[in-house]
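Accompanying notes for the structure given below.
The values are calculated or read from the model by the stated rules, or taken from the named source; none is laboratory data. Source: prediction; values computed, not measured. Note that we place each Cβ from the backbone using ideal geometry, even for glycine, and neighbour counts take in every protein chain shown. Only protein heavy atoms, including side chains, enter the accessible area calculation; ligands, DNA and RNA are left aside. Shrake-Rupley method; radii C 1.70, N 1.55, O 1.52, S 1.80 Å.
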Amino acid sequence: MNTDIEKVDPGSPDPETIARAGKILREGGLVAFPTETVYGLGGDALNPESSKKIYAAKGRPSDNPLIVHIADRKDLARIAAEVPESAVRLMDEYWPGPVTMIFPKTEEVPMETTGGLPTVAVRFPSHPTARALIRAAGGYIAAPSANLSGRPSPTSAAHVAQDLSGRIEMIIDGGNAAIGLESTIVDFTEEIPVILRPGFINYEMLKDVLGEVKVDPGILSENEHVRPKAPGMRYRHYAPKAPLVVIEGEPEKVTDLIRKYLEKAAAEGKRAAVLCSDETADSYERAAEKIRSGGAEQNGKNLCVMVSPIGSLTEDESIARHLFGQLRLFDEQNIDIIYSEAFDTPRLGQAIMNRLLKAAGHTVIRAE
Ligand code: TXA
Ligand code: MG
């Protein structure tokens with residue numbers, strides 16, 4: 001299949017392109033599109049055949065449900081059987097925006113879309129291109145993140161093309177995703193709302209609106225027997241090819257230990273990388289310079305030490321936005337081992353660390 005890549009102005013996409021993409025979706029085809037969180041792989045949510053195609057294109061297990069995207073709150077009634085008052089308050093505050101809500105589903109939503117579950121996850125994105133496309137498609141787009149199963153979520157059209165070129169009809173290129181992490185998911189099918197996936201709308205923001213909110217124990221626990229409720233949170237995910245180790249502790253001790261690991265990796269002839277904040281990049285860069293000059297003389301090997309700052313600790317939106325793209329770059333550079341600082345920032349730290357720890361398969365070392 002030839003995948004058509006169409007560039008649009010994200011704030012005001014060309015109507016002809018949107019009409020063409022909408023037609024593909026209504027006829028059962030697949031279109032990847034930008035949202036404010038990450039790129040989505042869209043199909044008609046009410047067409048079971050489209051959902052099957054989504055699973056096939058991603059190589060995703062078919063018991064992992066898809067999020068249904070809408071572009072008008074009035075459209076919720078057709079797919080959600082029961083919407084509690086607390087959810088309405090959350091919509092008033094944050095829809096359209098990066099939060100997904102789970103409700104009991106109506107008959108209209110095929111089991112293929114919800115991975116066999118009696119509930120449906122619904123999201124109303126704020127991205128103008130996403131909203132135009134949802135309307136053009138008839139109101140309901142099922143869209144997981146537009147990556148091959150197991151790879152980091154795509155934050156640009158180029159990432160989508162890396163994974164899905166030749167497997168889907170069209171990719172709409174609306175530039176880089178503004179948030180860079182997938183939406184927060186809140187389950188409203190229990191007495192007290194439960195956070196199934198942390199995201200840009202964080203715990204404090206939800207608590208302010210909902211009063212009481214729980215966090216799914218499955219996303220906090222390192223015990224594999226405590227299973228997350230969202231099926232997708234159970235898989236090892238976002239994994240780069242190289243092993244990734246998270247180093248936590250006091251900042252000075254962390255930089256010292258990572259510098260030691262970089263030296264050790266270089267001595268073993270490994271291509272090492274460090275994922276860090278803007279604040280600490282210089283100190284690693286100095287260590288890297290030393291290794292590069294020494295290494296070239298010693299054994300003539302092309303020693304690589306890749307220092308990758310992804311944002312300032314005082315501006316954690318930047319860290320969130322660059323994380324997935326950086327994990328993809330490590331793959332492209334054939335890195336053997338990745339050391340990462342922990343990013344326990346106050347606002348987005350929970351969401352960032354949730355993704356980073358999954359990428360690391362929960363390998364964490366404490367710097368003493
Ligand atoms: O930001 C986002 O949410 C992006 C963009 C494209 O909107 N979409 C996204 O979809 O991240 P996906 O499929 O990669 O992640 C959806 C997560 C999975 O972990 C899935 O198991 C969970 O939501 N989920 C979907 N429906 C559910 C349901 N009815 N009950 C529990 N978990 C559900
Ligand atoms: Mg995903």
For this session: Answer yes or no as to whether Arg227 is modelled with pLDDT under 90, touching a strand residue (DSSP E or B) at 6+ places or on another chain (Cβ under 8 Å) and open to solvent by 40 Å² or more (accessible area, probe 1.4 Å).
Result: no
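Results for (1) at pLDDT below 95; (2) open to solvent by less than 80 Å² (accessible area, probe 1.4 Å); (3) touching a Phe, Trp or Tyr at 6+ places or on another chain (Cβ under 9 Å), shown as yes or no for each residue.
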{"site": "Asp72", "(1), (2), (3)": "no, yes, yes"}
{"site": "Val88", "(1), (2), (3)": "no, yes, no"}
{"site": "Asp92", "(1), (2), (3)": "no, no, no"}
{"site": "Gly97", "(1), (2), (3)": "no, yes, yes"}
Exercise. Out of the residues in the range 128-152 that are surrounded by 24 or more Cβ atoms within 10 Å (Cβ to Cβ) and small (Gly, Ala, Ser), which is nearest to ligand 2 (Cβ to nearest atom)?
Worked result: Ser145
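Among the listed residues Glu263, Glu279, Glu317, Glu332, which satisfies the condition of being open to solvent by 30 Å² or more (accessible area, probe 1.4 Å) and without any contact (Cβ under 8 Å) to a residue 24 or more places away in the chain?
Working: Glu263 fails: without any contact (Cβ under 8 Å) to a residue 24 or more places away in the chain; Glu279 fails: without any contact (Cβ under 8 Å) to a residue 24 or more places away in the chain; Glu317 fails: without any contact (Cβ under 8 Å) to a residue 24 or more places away in the chain.
Testing whether each residue is open to solvent by 30 Å² or more (accessible area, probe 1.4 Å) and without any contact (Cβ under 8 Å) to a residue 24 or more places away in the chain leaves just Glu332.
Mind counting the residues in the range 171-199 that are charged (D, E, K, R), in contact (Cβ under 8 Å) with a residue 60 or more places away in the chain, more than 16 Å from ligand 2 (Cβ to nearest atom) and within 19 Å of Arg123 (Cα to Cα)? First the steps, then the outcome.
Kept after step one, since they are charged (D, E, K, R), are these residues of the range 171-199: 173, 182, 187, 190-191, 197.
When the remaining residues are screened for being in contact (Cβ under 8 Å) with a residue 60 or more places away in the chain, the result is 173, 182, 187, 197.
Now narrow it down to the ones that are more than 16 Å from ligand 2 (Cβ to nearest atom): 173, 187.
Narrowing further to those that are within 19 Å of Arg123 (Cα to Cα): 187.
Residues in the range 171-199 being charged (D, E, K, R), in contact (Cβ under 8 Å) with a residue 60 or more places away in the chain, more than 16 Å from ligand 2 (Cβ to nearest atom) and within 19 Å of Arg123 (Cα to Cα): 1 in total.
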Exercise. Out of the residues in the range 341-357 that are more than 17 Å from Glu279 (Cα to Cα) and in contact with a helix residue (DSSP H, G or I) (Cβ under 8 Å, 6 or more places away or on another chain), which is surrounded by the most Cβ atoms within 10 Å (Cβ to Cβ)?
Worked result: Ala351
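State yes or no: is Ala177 open to solvent by 30 Å² or more (accessible area, probe 1.4 Å) and hydrophobic (A, V, I, L, M, F, W, C)? Quick ask: steps written out before the conclusion?
Working: open to solvent by 30 Å² or more (accessible area, probe 1.4 Å): no; hydrophobic (A, V, I, L, M, F, W, C): yes.
Against the criterion (open to solvent by 30 Å² or more (accessible area, probe 1.4 Å) and hydrophobic (A, V, I, L, M, F, W, C)), Ala177 does not qualify.
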Exercise. If you scan the range 108-127, which residues turn out to be crowded, with 24+ Cβ neighbours inside 10 Å and of a type in the set (A, V, I, L, M)?
Worked result: Val109, Val120, Ala121, Val122
For this session: Hey, can you tell me all the residues within the range 320-368 that are of a type in the set (Gly, Ala, Ser) and assigned to a loop (DSSP other than H, G, I, E, B)?
Result: Ala342, Ala360, Gly361, Ala367
Exercise. Does the range 52-61 include one or more residues that are open to solvent by 70 Å² or more (accessible area, probe 1.4 Å), at pLDDT 95 or above, of a type outside the set (Ser, Thr, Tyr) and in contact with an Asp or Glu (Cβ under 9 Å, 6 or more places away or on another chain)?
Worked result: yes
For this session: Confirm whether Gly218 is at pLDDT 95 or above and either farther than 22 Å from Lys105 by Cα or aromatic (Phe, Trp, Tyr) (or both).
Result: no
